[in-house]
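The values are calculated or read from the model by the stated rules, or taken from the named source; none is laboratory data. Given the structure is predicted, the values throughout are model-derived calculations rather than measurements. No Cβ is skipped: glycine too gets one built from the backbone with ideal geometry, and neighbour counts run over all protein chains shown. The area values use the complete protein model at the heavy-atom level, side chains included, leaving out ligands, DNA and RNA. Shrake-Rupley method; radii C 1.70, N 1.55, O 1.52, S 1.80 Å.
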Amino acid sequence: MEPRGWLPLLLQLGLMWPPWAQPEPQLRVFVVPHSHMDVGWLHTVQENMQAYVTNVYNSVVEALTLEKKRRFIAVEQEYFRLWWDGVASHWQKRKVHQLVAKGRLEFVLGGQVMHDEAVTHIDDQILQLTEGHGFLYETFGVRPQISWQVDPFGASSTTPTLFALAGFNAHVISRIDYNLKEAMQDNRQLQFVWRGSRSLSAEQEIFTHVLDQFSYSKVPRYEGFNWDGEAIFPGPSLDGKYPSMEIPVTEDSIPDFTHLLGKRVLHKASWFQTAHILWPWGCDRQFFNASLQFANMDIVMDYINSEASEFGFSVEYATLGDYFRAVHSDQVAWQVRDHRDFLPYSSDMHHAWTGFYASRSGLKALARRASSLLYAGESMFTRYVLLAPHPYLDPAWGLQQLQQLRWAVSEVQHHDAITGTHVPNVGDMFVEHLSTGMQGVHKLMASIIQDRSPAHSGKRGPWGHSGPRQVSAPVWEESLRPGGHFAVVYNPLAWTVTTIITLTVDFPKVSITDESGLPVPAQAQRSKEMPSAYDLHVLTTIPGLSYRHYSIRPSRSSQEETGEPEPFVAKTTQFGGRLRRYGGQVGGSLVPVENGCYIVFMDLDTNLMHSVWERQSNRKVYMTQQFMEYHANSDVWQGPVSDNYVFTPSGTAEPAWEAVRMEIVEGPLVTEIRQYFYRLPTFTIYSRLARGPQGSDGALLCHHIEQEYQVGPLELNREAILRTSTSLNTGRVLYSDNNGYQMQRRPYRNYKNNTIARNYYPMVQSAFIQDRRSRLVLLSNQAHGVSSQRNGQVEVMLHRRLWNNDKWALNNDLTLNDSSVVHPVLWLLLGSRTLTSDLHQRSGLALQHQPVVMLREMNESSIHGPVHGCEAVTLPPSVHLQILSIPGWKYSSNHTEHLQTLQKGHEAKADLRRVLLRLQHLYEVDQDPVLSRPVMVNLQSVLRGLGSVVSVEERSLTGTWDVSEMRRWTWSTRDPHGHRGSGTLVLTPNERPSGSAVLSRGVS
């Protein structure tokens, strides 16, 4: 068909410019080829590599090499690194270097994965970015400058702040609330400058682009421009035939393709302020036959460009960098968005994506335990390596153990991993990778202790495969053997910690002494998990990044005979069961449980908590807790259902118990309240109040009520919550955190549909409710969903078990029939706003990074003596040591030198003298009159004990930029006020210290 034959049809559809328009094209369409490759979801990493990922990179490199105008963006580095290290030929690697150098293959985002933004912790987000960016810089000398966060289920304001700190110039998101996106499209507000941090404001702002209603896919997924079809598993196809392959572009079919493209272009043009149109071309598992894709699209684009004046637009292959450079050149004055996030996310009025905040709670807990172990292992290894000599442990082996866990922790941050929105066998893969990585770091830490404690080593085995067993306080799954043990306790935080570690022993009569041979305060009580064993609570005070050493021996004789003090054996008082009341008088008989900061009153009429007296403010807050459940519909033909992603309750929550039995275990260090909620299943709350030294050393220990819960197995189609109801007049306003970084105000909102679910928010580390006098803070060591459905209430979703008859979900095994028992932990802080603001951040870190306990059996050759330690590190109270590690970078910190090394093709070795240091100011602006002030940090004190420091370099967040060389784009705004400065060693509120400091230690 001749072009003039079908152009009138386009004119009738309003797709052409009127005759009086200028002849030159006014719209410039940037076609950005990409493939969305989930690290997990429906298939494991290896299954995806086999079915399509390998062919994506093989065929893209070939297709780009054949035609210079073609472009492609690569996103998640886990897949690319697997291809690069295990598949790519020498020829392919050489071509990739050339394509990257010419800007035709562009790495965007650059992290190991496209991380989730709702339930991931900021430290883990930074880790996975650092891992990916380090590989790209080491291999190609490039540093990603554009993000591509197009599939996470909602957008956090933490992410744009991190990307700005990493040197990004633009940020791309997609999944925001459906009605908000519609309004932003109508008002042409899909592009703006986002100041994601209330404290850093304009200093770390970033230009943000929200993809329109077509998201990161092309036109509807199976409608046009999909010539390679759908990937098949286990694949690939032997005959080159795949499902849903689009018909080829021919003279007869080209009108259909140009019509479809033109229609979408004009839609997009009406939603944006500039004449530059971003058109992502690709979707899930695409471009595994890139040559076929490009060969057909070449024809379509060439045809449109040959008639560009009549179409009214031109089309070109582009990278994201090409597109944003064009937008930036227009110098539009952009609207400014403040620190508010885009959570929660609803795809329509019936589907609130708030269920995944609690899906697969066990995996969420494991991911955070792995992260905490990695944090401790990094600083322990760094201080060990930099303190020569280390004759028995190979540092290269130690670095390998850390790198393996870095990879696993990075991988599980993917938006279909830690979210729990994957199939069961993919979940098994994540667990296996995390467990293997943790085992390696356990061996590393054990070997470090063994190497530094020659007197305790006994008969040595292979380094890293013998030595002490290692657990994190306070839970240990094995009991101490009768022969006695040495315990080494390591504090990974950079301040002195006073806490209680808990071990399990076979009997209560033990002798516990410290490294000086002095007795240590301890308490023994019957174990809640193993009735035949005892929990041994030990009070310890450990300076920052330091060790304490204890000897635990069975007492052969009575205390009277030996004079050796023994642990106090706690007294247990049992209370009979109480049925759930439907009315009547309560609170007639109260039992107090107290420490130096709180008195918790338990109601013997119900066996529930009645109230809490907070001593410092001298205020009593009525507070009760109970387990409840939301019931979920399982039949898609009867209405919306809850699933891995969405939360769609059938009604309000109902009590999940019929009776409560209680016992109180009281001792001098810890008093524990055990509440057993009966029905099917059984729920349990273990509430603990600790007693420690008076003053600042014991403040964190005293000022929280620790609660451990046992939840599950749930009945099918139940979503379990813990509801805490108080006398606080909160007005149904909740505050919850963005990724453990900053708090967001969450007022209760009424909606026409799904109001309960749409008022749920992610709680990664903390949430609170408050009135004018008091605040109740909840701290968590894993992600949960949190909501305030009534005045004075806060509820936390702890566990979910769901099944429905959706055919797609069943065919893909994407169900949430999670029959596990989970054991989440919360710390409750109650007090004035001033008190809780002071303790909030440090308490959250104390919960997340508890001391690590390493045990070794005594033997006849053992000699009592301390582990050879390092000097303690103590940072100011508002500063947190976010990381102290040896990354193992193989590149020069001088950019010019590194590029020259790459050109020469020299293979570099990991530099174990370079240390990555990140410091974080913990407090937001105006949060605390003292602690929110900028802080001057003396790096010599932080690096004390690491030897002589040769140089200090201030780097970007992921370590790839020297901040003095980092020049981010400046965007014109309608609100130009705000400081835009470079970082210094003065930390301002909520700042991550201009990224990272890199140090080199001279060999002494």
Solvent accessible area, Å² - Phe233, 1.4 Å probe, full protein context: 70 Å²
Cysteines without a disulfide-compatible neighbour (Cβ-Cβ under 4.7 Å), the chain: Cys283, Cys870
Per-pair calculated FRET efficiency, R0 = 25 Å: Glu666 and Leu518 via Cβ, rounded to 0.05: 0.45
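Heavy atoms only, probe 1.4 angstrom, no DNA, RNA or ligands counted: give me Lys268, Lys69, Lys528, Lys181 ranked by accessible area, highest first. Each step should come with its number before you reach the end.
Numbers: Lys268 5, Lys69 70, Lys528 45, Lys181 25 Å².
Largest accessible area first, the residues go Lys69, Lys528, Lys181, Lys268.
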Aspartates and glutamates with Cα under 15 Å of Lys102, excluding same-chain neighbours fewer than 8 positions away: Glu67, Asp322
Solvent-free Debye scattering, log10 I(q)/I(0), computed from the Cα coordinates of the range 567-625 at q = 0.13, 0.16, 0.17 Å⁻¹: -0.41, -0.59, -0.65
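Let's test the formula: R0 of 25 Å, r as the Cβ-Cβ distance of Asn618 and Thr874. What FRET efficiency results, to the nearest 0.05?
For R0 = 25 Å, the calculated efficiency reads 0.20.
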Whole-Hz couplings from phi, Karplus 6.51/-1.76/1.60, listed for the range 906-916; x for Gly and Pro: 6, 8, 9, 9, 4, 8, 7, 8, 9, 10, 9
Computed accessible area, Phe568, all protein chains, 1.4 angstrom probe, square angstrom: 110 Å²
Within the chain, helix-based [θ] at 222 nm, where runs of 4 or more DSSP H residues each add -39,500 (n - 2.57), nearest 500: -7500 deg cm²/dmol
Cα-centred dipole magnitude for the chain, charges only on beta-carbon of K, R (+1) and D, E (-1), debye, nearest 20: 1840 debye
Extension reserve of the Tyr178-Asp806 stretch, reckoned as 0.36 nm per residue once the Cα distance is removed: 223.8 nm
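Quick check: residue separation of Lys69 and Glu953 times 0.36 nm, minus the Cα distance between them. What number comes out in nm?
Working it through step by step, the gained length comes to 314.3 nm.
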HN-Hα J in Hz across the range 649-661 - Karplus 6.51, -1.76, 1.60, θ = phi - 60°, x for Gly and Pro: x, 6, x, 6, 5, 10, x, 9, 8, 10, 8, 10, 10
Pair Arg340, Ala275: separation of 7 Å Cα→Cβ label points (nm): 3.4 nm
The chain: angle of helix 77-86 to the longest principal axis, Cα-based, in degrees nearest 10: 80 degrees
Carbon + sulfur, % of accessible area of the chain - ligands and nucleic acids excluded, 1.4 Å: 51 percent
Accessible surface, the range 574-848, averaged per residue in Å² (probe 1.4 Å): 36 Å²
Simple label model, 7 Å out from Cα along Cβ direction - His267 to Arg790, nm: 4.5 nm
Partners for Lys571 among lysines (Cα-Cα distance below 25 Å; same-chain residues under 8 apart left out): Lys509, Lys528
Ranked packing of 294-301, 579-586, 851-858, most packed first, by mean Cβ within 10 Å: 851-858, 294-301, 579-586
Spin-label pair Arg188/Glu897, simplified geometry with 7 Å Cα→Cβ offset, distance in nm: 5.1 nm
Cβ crowding within 10 Å averaged over residues, with 511-524, 352-365, 664-677 ranked highest first: 352-365, 664-677, 511-524
Paired Rg and Dmax values of the chain, which use every Cα atom, in angstrom: 29.8, 109
Rounded to 10°, Cα long-axis angle of helix 833-848 versus longest principal axis of the chain: 90 degrees
Degrees separating the helix 290-306 axis from the principal Cα axis of the chain, which is the longest one: 50 degrees
Peptides ranked, highest mean first, by Cβ atoms within 10 Å: ranges 906-914, 609-617, 841-849, 92-100: 841-849, 609-617, 92-100, 906-914
Cα-Cα over 25 Å, subset of Lys95/Lys890; Lys364/Lys443; Lys241/Lys268; Lys95/Lys263; Lys241/Lys263; Lys181/Lys268: Lys241/Lys268; Lys95/Lys263; Lys241/Lys263
Centre separation in Å (Cα based) which lies between the range 775-843 and the range 933-955: 38 Å
